1. Take segment 188-240 and flag every residue that is more than 16 Å from the ligand (Cβ to nearest atom) and of a type in the set (Phe, Trp, Tyr).
2. Restricting attention to segment 169-187, and to residues there that are under 17 Å from Leu203 (Cβ atoms) and more than 9 Å from the ligand (Cβ to nearest atom), which single residue is surrounded by the most Cβ atoms within 10 Å (Cβ to Cβ)?
3. For segment 150-159, indicate whether the set of residues that are open to solvent by 10 Å² or more (accessible area, probe 1.4 Å), more than 23 Å from Asp31 (Cα to Cα), assigned to a strand (DSSP E or B) and within 12 Å of the ligand (Cβ to nearest atom) is non-empty.
4. Pull out all pairs, ordered by first then second residue, where Cβ-Cβ is under 8 Å, the residues are six or more apart or on different chains, the first lies in segment 270-290 and is in contact (Cβ under 8 Å) with a residue 12 or more places away in the chain, and the second is polar (S, T, N, Q) and more than 11 Å from the ligand (Cβ to nearest atom).
5. Sort out which residues of segment 40-78 are of a type in the set (Val, Ile, Thr) and touching a Pro at 6+ places or on another chain (Cβ under 9 Å), and write them in order of number.
6. Please pick out the residue among Leu269, Leu255 that is open to solvent by less than 30 Å² (accessible area, probe 1.4 Å) and farther than 21 Å from Arg192 by Cβ.
7. For segment 48-100, which positions are among the hydroxyl-bearing types (Ser, Thr, Tyr) and without any contact (Cβ under 8 Å) to a residue 12 or more places away in the chain?
8. Which pairs have Cβ atoms under 6 Å, sit 6 or more apart or on different chains, and link a residue in segment 202-220 that is farther than 14 Å from Gln326 by Cα and in a loop (DSSP other than H, G, I, E, B) to one that is open to solvent by 10 Å² or more (accessible area, probe 1.4 Å) and of a type in the set (D, E, K, R)?
Amino acid sequence: MADKGDSCPVMTFPLAPKIQHELKMKFGSFDKGLVAVGQGRYLLQPHCRLYLDKYAQFRFRPDDVVVMGFPRSGTTWTQEMVWCMTHDLDFTTAINTPLRERSPFLEGDSFSGPDLPLPSFLVDSFLKQHPDEDPRTTGVYLARAESHPSPRIIKTHLPFSLLPPSILESCKVINVARHPGDVCVSYYHYQRLAKSVSFKGDLEEFLDLWCRDLVMRGPYWSHLSEAWAKHTHPNLLWLYYEDMNKDPLRELQRLDHFLATDLTEDEQLQVVQHSSFANMKARPATNYSLIPESPALVPGEAEFVRKGATGDWVNRFTPQMKAKFQLMMGVVLELSGAIFNLLSTQVFNVLR
Ligand code: PPS
């Protein structure tokens, strides 16, 4: 039966007790399980109910740029490029200030574990502005996103159906898509790394959950298809991680055109250089090492900016895993019809 939560107009649905039990066993930080949210039945942690209505009613400004995509599709990379392009190529600030402080993460409150400490830079500024409110209940990430100075570069992994229906009429949106095989491998590593998740299994177990649509924020295809349904909207720019990896200057030029930032070719090259994989991996402002408490990271796991490879999933899956993945993805592709036929000719043709 659906559950409306506390004054939340977005419907949430409980998972079957057997599934809930399985998730609690496999994820060290899901002791309260997960809930399915909205028509797309996206899986989130139950405390998301505190914030879902606020996401759906978030007031975007005309000069906002929203960077969205399924987790691990290249959103951080895109944020860094867009932030520099819209902030007068202020590389000094970009190098010295963590990206999370420069570019708000809309639904960070839902993602950070309910029992883990909130980032102090967010709590401190929240309490200055809202001394009588509870940071957890109001949402420190949300408050930060609301009060952040323009132009805001807002990151979200929420699908369109959980955002305001008028978002594309309010501001510019960039959606980054990536091959599901690489997303799955990257997400597996990240779900082991983030303490708010603490996945305890191996890649094969993770793939099994992925194929059963039991990974947090999944299903991948629903998320992607919601965005694809809007890809011709003039305020939506569609980027592929694979294209960015292959020819970053060309993709940056598409961004430049979309954002009307009017950079010279020399300036474009500076942004490409600044946001290269090696530089973002090495720099504390983008590799998360400056914010150890958010998300709290499990020592010994792969780094946040990890490998940056395209097509590497084929090297990580055994033949059995690959067959299972392709079968599942193939079925979804067939069921989803023309949308994914188009997508598959772009970058996903390896699934065919
Ligand atoms: S997150 O955590 O959901 O916000 O992840 P997201 O930023 O969307 O995606 C993370 C993957 O992007 C890779 N990455 C990059 N690749 C190329 N160039 C640059 N500059 C770059 N920055 C981040 C990151 O390493 C993750 O992919 P994997 O495959 O795990 O390396």
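1. The answer is Trp221, Trp228.
2. Restricting to residues being under 17 Å from Leu203 (Cβ atoms) and more than 9 Å from the ligand (Cβ to nearest atom), the top hit is Cys184.
3. Taking segment 150-159 first, the residues open to solvent by 10 Å² or more (accessible area, probe 1.4 Å) are 150-151, 155, 157.
Next cut, more than 23 Å from Asp31 (Cα to Cα) only: 150-151, 155.
Restricting the remaining residues to those that are assigned to a strand (DSSP E or B) gives 155.
Add one more test, that the residue is within 12 Å of the ligand (Cβ to nearest atom), and what stays is 155.
Yes, segment 150-159 has at least one match.
4. Hits for this filter: Ala285/Asn96; Ala285/Thr97.
5. Going residue by residue through segment 40-78, those that are of a type in the set (Val, Ile, Thr) are 65-67, 75-76, 78.
Matches in segment 40-78: Val65 only.
6. Among Leu269, Leu255, only Leu255 is open to solvent by less than 30 Å² (accessible area, probe 1.4 Å) and farther than 21 Å from Arg192 by Cβ.
7. From segment 48-100, those among the hydroxyl-bearing types (Ser, Thr, Tyr) are 51, 55, 73, 75-76, 78, 86, 92-93, 97; that's our starting set.
Hits for segment 48-100 are Thr92, Thr93.
8. Pairs found: Pro219/Asp213.
The values are calculated or read from the model by the stated rules, or taken from the named source; none is laboratory data. Keep in mind the model is a prediction, meaning the values are calculated, not measured. Don't worry about glycine lacking a Cβ; one is built from the backbone with ideal geometry, like all the others, and counts go over all protein chains shown. For the accessible areas, the whole protein counts, side chains as well, though only heavy atoms, and no ligand, DNA or RNA atoms are used. Shrake-Rupley method; radii C 1.70, N 1.55, O 1.52, S 1.80 Å.
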